Each structure stands twice: as structure tokens, then as C-alpha cells.
Amino acid sequence: MSLILSPEEQAIASGKDGAATAMRIVADSARLLGAPRLIPIASAHIDGALYHGDSGTLFAERLVEGGARVSVRSTLNVGALDLMGCSRIRLKEPARGMARRMMEAYRKLGCEQSWTCAPYQAGHRPALGSDVAWGESNAVVFCNSVLGARTNRYGDFLDIACAISGRAPDYGLHRTEGRRARLVFDVSGLSASFLGSEIAWPVLGSLYGREVGNTIGVVTGVPGHPGEDALKAFGAAAASSGAVGLFHIAGVTPEAPDLLTILDGAAPETVVRVTPEMAAKARAGLSTATAAKTIDAVAIGSPHLSLDEFDLLERLIAGRRLSVPIYACTGRHVLSSLEKNGRRKTLEASGVIIVADTCVVVTPIMPELAGGILMTNSGKFAHYAPGNTGYAVLYGSLADCVESAVLGKPAFTDIAA
Amino acid sequence: MSAMAEILVPGRAGEGEALVLTAPISFWGGVDPKTGRIADVRHPQHGQNLERRVLFLPGTIGSSSASAVLLELVHNGHAPAALVLHEPDAILLLGLIVAREMGWETPMALRLGRDQFDRFRGRRPGIKTDGSIILDTDAGKSACNP
């Protein structure tokens, strides 16, 4: 089935301006995906404003020069600079200047200056069943799974192209049949204490991503709603270890009131029964440094920390002074709240380095340190930190991360799976 | 000996030493955009470089920024000579689509079943603009110049 564009879409695509470039990119992608048509979208979340090299800046500036503007609400994912000035970014010129030019170009295209990978906690929550074009793998999976809005995993450039054209390829997760679960991921064999712990969600997410790849799955055996931040952590970890764009949790997420509904009455093609051994192995797999005697830093906030997560961080630190820094990554939507009542200052006085608009794995913030050890409670940081920062990773709960930062060496609480 | 593959994204003909990945890769975080080196320490081909290789991809995973890494590799001259994918990955290949919009010369992307990847290992395949893949261009040369 080949792509058919409407006369209006064809007219736009045959032009020479920025809108034409955007429409051609959407149409070329639709052909590659085998989509029969383009559909209108309600909003976009743009991952393309993160500097990876000069090419992305040149592309964004080409769109600006061509007079392009976004035609739907478009929030921005993290950039490579902390525009709020909370943390020092070690990015050197000329890359620094190019990163700033890139962020500026996306502003000129009409995008909101949200600069967060958790837009869904910064007031951008599209309605259940609406079609949107979102980028950033964790935002995509949250948008589909927890909000029930419909998006594929839009990569850099296609996200902004969709935002400008107001169109997306009619394909994959935009279609009802593409959202049905075909795999069951049963966690009922795990202990209640593990399932009730914070680490369960990043650990199970990491395992889920590896087990399901890009198949749509439904998690069963979850006793109750684990909270939005737990689902955020699960999705981020799953989208790091596999090509997960949508998960369901029976009785928790909006499209899966129960197992039968989300399987659409069909038998599952695969059933994964998660054993305590599988969970333990997945947990161990999140660490690359196992025999570490000391740690050099803690990084949290991938995805960006919510205000609730900062509340917990403050309670765990409990006024103590840290021996090694905790890099706490968040968006300006949370920062503004933290600045009330002096909370930001108190956190910084104890040794927390707040990172806003960006994060420690996408731009150089932590010192270059041969053999450095980073501890994190984020499945996503655990996945990407070794390649992107050079630090080896130790994975633990937020409570363990805080204790370790106070002591300067790893401290673990055992939670049997 | 050659194979015909479906053209996913057109581009220039190319040849190079085959790099057959044995596990899916995330370009973002998995490949250094400055050099083309596989940076993911958990990947079996960690340390290898994609530049000027004919890259065989059994699958792709992870970040939606893969396209940005591929666009950067095209722009800075560290791109593979060609990409051969088991199945089309619109996120990754968008890097090539955008490079074409920018007017930059791009490697081709072809589709070929991963069950056929093994025979290219250790060879120097050549990719023609019609989508045909020559198994080994070195073998071809030696046959012509005995």
C-alpha cells in the first residue's frame, strides 16, 4: 500500500520553504513505514534540540531560514546547556555556541521552552486516544502507556517536521490494532516486598525491555497502582533496554482495565513468567562496577525528577552533609517550586548539584575521571552512563544512593526479589 | 556472487569491509557521533568503528536520537559506506532522509534478511545504486587481474 497525500499536503511538499522540507520529511518517513496516509496531530514533544554535533544546528537553522513555525503545541526535551545556570556545563566552544544556536533555533520555530524529558509532569498531558507526535523514548512510552495518547517513537527531526506540518504517518501505535497486547509479562511470582520497593520498577523495566523488544506487552500480577513516578521509571528503563513504545499494566494503565480487554479476547503469543532469579539478574545487570569500594558521584533524575521525588530526596538526606555530590536532574517546572522557601539553597548546601534543562548523560557536567564510579537509582542512567560519561555504574535505590553519597562508599539494603 | 536488496533510502554507491553486528544497537549512547566508534561497553562489537564499513544491523534499539547520530556521522565524514538492515528503522534512517534534504551526499540503506548477514563476514561488499550487493569487491578485483 503506497502513501497517498492530500492535494493540500502535496502542494506544501512541492514548495521550497521550511514547511515544504518538513512535509517531505514526514512523507518520506511515512513511505518508509508503509503508512497509507498522514493524520492530523494534537501536539508534539521535540527531542531534536539536543546538540549532538553541528549537523542538527544547521538543520534547525535551515527550517528557521525557511520561515517554518510549529502548527501545534510543542514542548522541548532537554538541551545541552543549563540555561537556568544551576550547574556548570563543561561543553567547550565551538560546540557550546552551536548548542546555544540550536536551542535558539527551536525557540524561533515556536516551541515552548520546557527543556524537560518529563513534559507529562510539566503540564503537557494529551487526552486519552488523541494522536500526537512525541520524541524522547521515555516520554513516548509514558505518553502512550500512562496517558493513553497515541504516538510512535518519533526520532529527532521527524518530531519537529510533524510539529511544523501538523501531520504524522498513520502507522503503528496510532492505530487501535497496533496497541493490543500480544505478550503477557507476569510478575506475580515476585515477593510483595520487592514489588512494593522503589527498585522494582527500574529493574523490571530493564528486564521487560530486553524480554519483549518491540512487542506490545501487558504486565500482570501488580497488586495496585504503584504511582506515577514508578511507571515513569519502569517505562524509561524499558525504553532504554528495548524498543518499547507502549506497555500496559492490567488494572493500572488506562487501556488495560483487565487482561482480557487488552488482549482483545485472543490468547497471548508469549507468556513471560518473571522469577526472582530473573529479577535478581536484571538488577545485577544494571551495574557495571560490582567490586567498588568507593563512589565518586550519584546521579538521579532520568527521567527528570518530580517535586515528589525531591520531597523524598530531602527526607532521605535529612540535613546531613554529602561526601560526594548528588547530581539531581530536573526541569524548570520543578525548579521554580524548589526556589520557594529556600529549598534549592538547602539542598545545594548539603552537596546536591541541581541540573536543570539538561542532564548528566547528554552533556558533559561531571568531571572527567578515569575509573570513576557513579551510583544511580535510574535504570536509564545505568544503561547510558558508561557509554556517555565513561563512569562505571552502581545501581541502587534512592535511599541507598543517598546513604552512599553521605558515606562516600557503596551502601546497599538487601531487598529479595 | 551478489544479492538484490530493497532500497530503503537511496544514496551513493559504496564499498567497504563488512561489519556484521551480532546484537541490536542503539546509535545514541552506543555509537560515538564524533568518530563512529561503538561506545556501548555491553555491545559485542564494542570498540569497532563504523566508518567506511558496510554495516549490517540485525536490529536497533533505544533512543529516539539515533537519527541525530547518523546525520552527524554523514556530516563529519565518519558514516558507514552503506547500511544493511534486517528491517527498516524509520528513526535511524531519518538521519539519511534529513541529510538528503540538506543536500549532503549519503550512504545507501538497504533491507536484507539477517539470515543472509553471515556470509558477508570478513568480506568487502560493494553496494550499487540499484540495490545490488556484491559479496566481495576484493574477490572481484583479483578475478579481473589474476
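Computed from the coordinates by the stated procedures, all read-outs in this text should not be read as laboratory data. As the structure is a computational prediction, the values presented were derived from the model and not from experiment. Neighbour counts are summed over all protein chains in view; Cβ atoms, including those assigned to glycine, are modelled from backbone coordinates with ideal geometry.
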Checklist outcome for this item: Comparing A:G396, A:G135, A:G227 in a Gaussian network model of chain A (Cα, 10 Å), the one with the largest mean-square fluctuation is A:G227
Checklist entry - What translational diffusion coefficient, in µm²/s and rounded to a whole number, does the Stokes-Einstein relation yield for chain A at 10 °C and a viscosity of 1.306 mPa s, taking the hydrodynamic radius as the Kirkwood radius over Cα pairs? => result 72 µm²/s
Checklist outcome for this item: proj_area_mean for segment A:212-358 (convex hull on C-alpha atoms), units nm², value 11.2 nm²
Checklist entry - If you plug each phi of segment A:57-72 into the Karplus form 6.51 cos²θ - 1.76 cosθ + 1.60 with θ = phi - 60°, what whole-Hz ³J(HN,Hα) values come out, in order, with x for Gly and Pro? => result 5, 4, 5, 4, 5, 4, 5, 4, 4, x, x, 6, 9, 5, 9, 9
Checklist entry - Which of B:R100, A:R88, A:R150 comes first, and how do the rest follow, when ranked by fewest Cβ neighbours within 10 Å? => result A:R88, B:R100, A:R150
Checklist entry - Nearest 20 debye, what's the magnitude of the dipole of segment A:180-285 about its Cα centre given +1 on Lys and Arg Cβ and -1 on Asp and Glu Cβ? => result 260 debye
Next on the checklist: Need one number: convex hull volume per residue for segment A:7-177, Cα atoms only, in Å³.
Outcome noted: 107 Å³
Checklist outcome for this item: The simple spin-label model distance between B:M102 and B:E17, using points 7 Å out along Cα→Cβ, in nm, is 2.7 nm
Next on the checklist: Report D for segment A:86-188 in µm² per second (integer): Stokes-Einstein, Kirkwood Rh on Cα pairs, 37 °C, 0.692 mPa s.
Outcome noted: 208 µm²/s
Checklist outcome for this item: Plugging the Cβ-Cβ distance of A:A284 and A:L407 into 1/(1 + (r/R0)^6) at R0 = 30 Å yields, to the nearest 0.05, a FRET efficiency of 0.90
Checklist entry - How large, in Å, is segment A:180-285 by the Kirkwood hydrodynamic radius built from its alpha-carbon pairs? => result 13.4 Å
Checklist entry - Just counting partner chain Cβ atoms within 10 Å, what average do the residues of peptide A:54-62 show around their Cβ? => result 5
Next on the checklist: What is the distance in Å between the Cα centroid of segment A:95-136 and that of segment A:327-349?
Outcome noted: 21 Å
Next on the checklist: I'd like to know which of A:G34, A:A49, A:L81 lies farthest towards the positive end of the charge dipole of chain A, counting +1 on Cβ of Lys and Arg and -1 on Cβ of Asp and Glu.
Outcome noted: A:L81
Checklist entry - What is the Rg over Rh value, at two decimals, for segment A:327-417, using alpha-carbon atoms and the Kirkwood definition of Rh? => result 0.98
Next on the checklist: Using square roots of five times the C-alpha gyration tensor eigenvalues, list the equivalent-ellipsoid semi-axes of segment B:2-144 in whole Å, biggest first.
Outcome noted: 22, 17, 14
Checklist entry - In what sequence do B:E105, B:E15, A:E136 fall when counting other Cβ within 10 Å, fewest first? => result B:E105, B:E15, A:E136
Item to check | Chain lengthening between A:S191 and A:T294 when straightened (0.36 nm per residue, less Cα-Cα) | outcome: 34.0 nm
Item to check | Choice from A:T151, A:T376, A:T215 with maximal GNM fluctuation in chain A (Cα, 10 Å cutoff) | outcome: A:T215
Checklist entry - By a straight-distance test (C-alpha under 26 Å), which lysines pair with A:K281 as possible cross-link partners, with residues fewer than eight away in the same chain excluded? => result A:K232, A:K293, A:K380, A:K409
Checklist entry - When ranked by the protection proxy of mean other Cβ atoms within 10 Å per residue, highest first, what sequence do the peptides A:57-64, A:266-273, B:125-132 form? => result A:57-64, B:125-132, A:266-273
Item to check | Any cysteine of chain A lacking a neighbouring Cys Cβ under 4.7 Å - listed by number | outcome: A:C86, A:C111, A:C117, A:C143, A:C162, A:C401
Checklist entry - Remind me, relative contact order of chain A in percent, using alpha carbon pairs under 8 angstrom and six or more residues apart? => result 17 percent
Checklist entry - Suppose R0 equals 30 Å; then what is the FRET efficiency for A:R321 and B:V41 from their Cβ-Cβ distance, rounded to the nearest 0.05? => result 0.35
